[in-house]
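K.L.:
One structure, pasted below without further comment.
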Amino acid sequence: MNTTAQFHGVFAKAFEIPVDNVNDQLEYQGIAEWDSMSHLVLVTELENSYEISIDMEDILEMGSVEKIRVILQKYGVEIQ
């Protein structure tokens, strides 16, 4: 099972921020650490963590933690 804590941990690792700073309202460029370069790091971390390959169209739509949670469902990743 994929937990919210694990999911948030992926963001914390990609952005090098405390996991406590991650929530569903966190948005692209909403913090200094989430810029275009770290967005690519995030995508890589998500792909590695969940063993998926994310389409470019979906990568471009990943504008918030909440939106990413929804997009991952398309790849069979359910966050509990």
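What follows is calculated from the coordinates using simple rules that are stated; it is not laboratory data. Because the structure is a prediction, the values reported are computed rather than measured. Quick reminder, even Gly has a Cβ in these numbers, built from the backbone with ideal geometry, and neighbours come from all protein chains shown.
K.L.:
Within segment 9-49, list the GluC sites (Glu not before Pro) lying in a DSSP loop whose Cβ has at most 12 other Cβ atoms in a 10 Å radius.
P.N.:
GLU16
K.L.:
Which GluC sites (Glu not before Pro) from segment 51-80 combine a DSSP loop assignment with at most 10 other Cβ atoms within 10 Å?
P.N.:
GLU51, GLU78
K.L.:
Relative contact order (percent) for the chain, with alpha-carbon contacts under 8 angstrom and 6 or more residues of separation?
P.N.:
38
K.L.:
For the chain, which chymotrypsin sites (Phe, Trp or Tyr not before Pro) pass both filters: DSSP loop (anything but H, G, I, E, B) and at most 16 other C-beta atoms within 10 Å?
P.N.:
When the chymotrypsin sites (Phe, Trp or Tyr not before Pro) of the chain are filtered for loop state and at most 16 Cβ neighbours within 10 Å, TYR75 remain.
K.L.:
For every helix of n ≥ 4 consecutive DSSP H residues, a contribution of -39,500 (n - 2.57) applies; sum these over the chain, divide by its total residues, and give [θ] at 222 nm rounded to the nearest 500 deg cm²/dmol.
P.N.:
Rounded to the nearest 500, the figure is -15500 deg cm²/dmol.
K.L.:
A follow-up question, please. Over all directions, average the projected area of the Cα convex hull of segment 18-80 and note it in nm².
P.N.:
4.2
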